[in-house]
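To start, the structure under review is shown below, and the notes come after it.
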Amino acid sequence: MSAFPLVSRSGRIRKLVAERRDSDISRIDLLSLPGGAESFELAAKFCYGVNFEITSANVAQLCCVSDYLEMTEEFSKNNLSSRAEEYLDSIVCKNLEMCVEVLQQCENLLPLADELKIVSRCIDAIASKACVEQIASSFSRLEYSSSGRLHMNRQAKCDGDWWIEDLSVLRIDLYQRVITAMKCRGVRAESIGASLMNYAQKELTKKSSLWNSSSQPKVDVVDGSNGHERLVVETIVSLLPVEKVSIPISFLFGVLRSAMMLDCMVSCRLDLERRIGSQLDIATLDDLLIPSFRHADDTLFDVDTVHRILVNFSQQDDSEDDMEDASAFESDSPHSPSQSALFKVSKLVDNYLAEIAPDANLKLNKFVAIADTLPTHARTIHDGLYRAIDIYLKAHQGLSDPDKKKLCQLIDFQKLSQEAGAHAAQNERLPLQSIVQVLYFEQLRLRNALSCSYPDDDHKPIHQSWRVSSGALSASMSPRDNYASLRRENRELKLELARLRMRLNDLEKEHVCMKKDMEKSSSRKFISSFSKKIGKLNFFGHNSSRESSSPQSIHKERIQK
């Protein structure tokens with residue numbers, strides 16, 4: 001086969017032949033030929049007039065090999081370089097799927113494909129096409145309301161994001177450049193987030209233990225073979241939009257687990273923790289149960305990470321000055337968490353504490369740090385916190401009395417419900433001082449209930465004198481005697497309240513009977529019956545004497561006892 005067609009169209013081959021004019025040329029070495037033998041075969045076919053089709057699958061190879069062989073217009077008209085460039089600009093860059101396919105071919109042609117601007121042209125075309133498609137889709141969802149105003153139908157399916165699946169086949173470095181270009185073109189954050197989630201799930205589910213939070217991966221899986229997964233996680237985190245609504249919090253927790261398992265950069269993990277903390281009020285208990293990957297003798301769950309997330313949630317307003325994009329992150333709400341968000345997170349934290357409390361390796365200071373992260377006004381009721389502390393005391397029976405007191409200081413016993421207070425009053429795991437506090441507040445609750453049964457102002461001094469004498473008695477007693485005395489008074493008050501309820505039931509029954517008598521009898525008979533009924537009513541005992549039935553005598557007898 002004659003070499004003349006190759007020499008006439010290729011500047012590089014012409015130079016090589018000219019350098020060896022005096023010698024017998026039987027072989028020419030083309031070192032580092034882009035695309036290898038396959039690309040040279042296509043170039044040779046073009047030179048010898050063999051017909052073949054330029055497609056999106058080979059146009060990148062043709063552009064690179066024509067540049068390497070110097071097959072330009074300088075050496076031949078309508079040469080391979082101009083033909084390939086024309087197809088790339090007029091055909092490929094008009095179609096998003098073809099641009100993605102060309103980018104895939106460029107993965108093995110770098111850095112030459114980048115120098116020839118093949119990559120940048122395809123990326124710009126993809127970003128422009130996605131933006132145009134999204135704008136067209138938004139216009140298709142516009143409709144008129146009943147009042148005649150034009151608005152966007154949020155319920156309608158958005159067809160402008162069909163490119164999300166196509167981009168998932170790209171290598172991570174090219175994918176990063178495409179997403180960055182899309183952000184610059186103004187593609188919606190929700191679409192960017194959906195693309196990132198789709199790409200992450202495809203790349204990271206190749207190893208199911210990296211993505212499945214229910215599985216328990218081994219600690220020693222992080223090695224050199226996970227370098228690609230680590231790069232994927234760190235790149236995705238760097239591409240996350242700043243808008244909170246664009247990424248579900250469950251996805252952020254999944255990426256955080258992967259980042260911890262793959263030992264990603266600290267900045268990557270801290271960024272995820274900050275993002276999670278900004279929307280922690282919509283998290284679930286399963287989200288917070290992050291396994292501990294690094295230390296075999298450590299706690300079952302990663303408590304330190306959850307603590308940092310809670311600190312980020314509690315101090316959102318304080319971190320405003322340290323974050324350049326804080327205003328974008330909190331565009332929909334004030335920087336400090338609202339009371340409703342605090343209430344949701346407090347319930348979540350209490351459930352989390354109850355879940356990790358049975359862990360024998362969980363240190364007291366870590367448990368207290370988690371419970372004490374939220375401000376005091378976050379919890380309106382302390383039943384959940386009491387339950388978690390009780391579980392911890394049950395699982396760590398070797399705690400010293402000072403440690404138990406430190407733990408129980410977290411509980412505001414005034415914020416316990418009646419059921420939780422009754423349980424705490426009989427809970428032997430609590431320190432004696434805490435039980436005394438519980439009984440004291442239970443007494444106050446019962447006394448308030450009794451005071452409602454005595455609406456007259458005449459009885460207020462009696463209650464006050466009872467309270468003063470009881471307090472003086474408590475001060476002169478030892479803690480154990482004080483505890484026994486309070487429990488005895490507690491039982492007496494409960495019995496008194498039960499008697500009052502029975503009297504109230506009797507009064508209601510008598511009232512019903514009186515109504516029936518009013519309907520049946522005449523006015524004289526009704527007055528007679530009414531006076532008899534009044535004479536039978538006994539509010540505080542069966543003895544009808546004044547001294548035994550008055551509230552004052554009851555309190556005086558109790559004070560004397």
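The values are calculated or read from the model by the stated rules, or taken from the named source; none is laboratory data. From a predicted model like this one, the values you see are computed outputs, not experimental measurements. Counting neighbours? That spans all protein chains shown, and the Cβs are built from the backbone with ideal geometry, glycine included. For the accessible areas, the whole protein counts, side chains as well, though only heavy atoms, and no ligand, DNA or RNA atoms are used. Shrake-Rupley method; radii C 1.70, N 1.55, O 1.52, S 1.80 Å.
Listing for the model above:
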read-out	value
The one condition in (1) modelled with pLDDT under 90; (2) more than 30 Å from Leu109 (Cα to Cα) that Gly227 fails to fulfil	(2)
Qualifying residues in segment 293-315 (those that are open to solvent by 40 Å² or more (accessible area, probe 1.4 Å) and of a type in the set (S, T, N, Q)) - the one modelled with the lowest pLDDT	Gln315
Residue in segment 51-68 that is open to solvent by 30 Å² or more (accessible area, probe 1.4 Å), under 16 Å from Ser10 (Cα atoms) and outside any helix (DSSP H, G or I) present	no
Single condition Glu53 does not satisfy, out of (1) more than 21 Å from Lys117 (Cα to Cα); (2) in contact with a Cys (Cβ under 9 Å, 6 or more places away or on another chain)	(2)
Residue within segment 370-382 that is open to solvent by 50 Å² or more (accessible area, probe 1.4 Å), hydroxyl-bearing (Ser, Thr, Tyr), modelled with pLDDT under 95 and more than 22 Å from Glu428 (Cα to Cα) present	yes
Residue within segment 69-85 that is in contact (Cβ under 8 Å) with a residue 24 or more places away in the chain, on the phi > 0 side of the Ramachandran plot and outside any helix (DSSP H, G or I) present	yes
Extreme residue, most open to solvent (accessible area, probe 1.4 Å), among residues of segment 351-366 that are hydrophobic (A, V, I, L, M, F, W, C) and more than 24 Å from Ser340 (Cα to Cα)	Ala360
Residue ID - nearest to the chain's Cα centre (by Cα), chosen from residues in segment 223-270 that are over 17 Å from Thr305 (Cβ atoms) and among the polar types (S, T, N, Q)	Ser246
Residue check, Leu103 within 20 Å of Ile179 (Cβ to Cβ), open to solvent by less than 20 Å² (accessible area, probe 1.4 Å) and either at pLDDT 95 or above or of a type in the set (D, E, K, R) (or both)	yes
Residue in segment 403-415 that is of a type in the set (Lys, Arg) and not in a helix (DSSP H, G or I) present	no
Subset of segment 257-287 [open to solvent by less than 20 Å² (accessible area, probe 1.4 Å), hydrophobic (A, V, I, L, M, F, W, C), touching a Leu at 6+ places or on another chain (Cβ under 8 Å) and in a helix (DSSP H, G or I)]	Ala259, Met261, Leu272, Ile276, Leu280
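So that you can scan it fast, the table gives a plain yes or no per residue for (1) aromatic (Phe, Trp, Tyr); (2) farther than 19 Å from Leu486 by Cβ; (3) out of contact with any Cys (no Cβ under 9 Å at 6 or more places or on another chain):
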| site | (1), (2), (3) |
| --- | --- |
| Asp383 | no, yes, yes |
| Arg387 | no, yes, yes |
| Asp401 | no, yes, yes |
| Leu416 | no, no, yes |
| Glu428 | no, no, yes |
| Pro431 | no, no, no |
| Leu439 | no, no, yes |
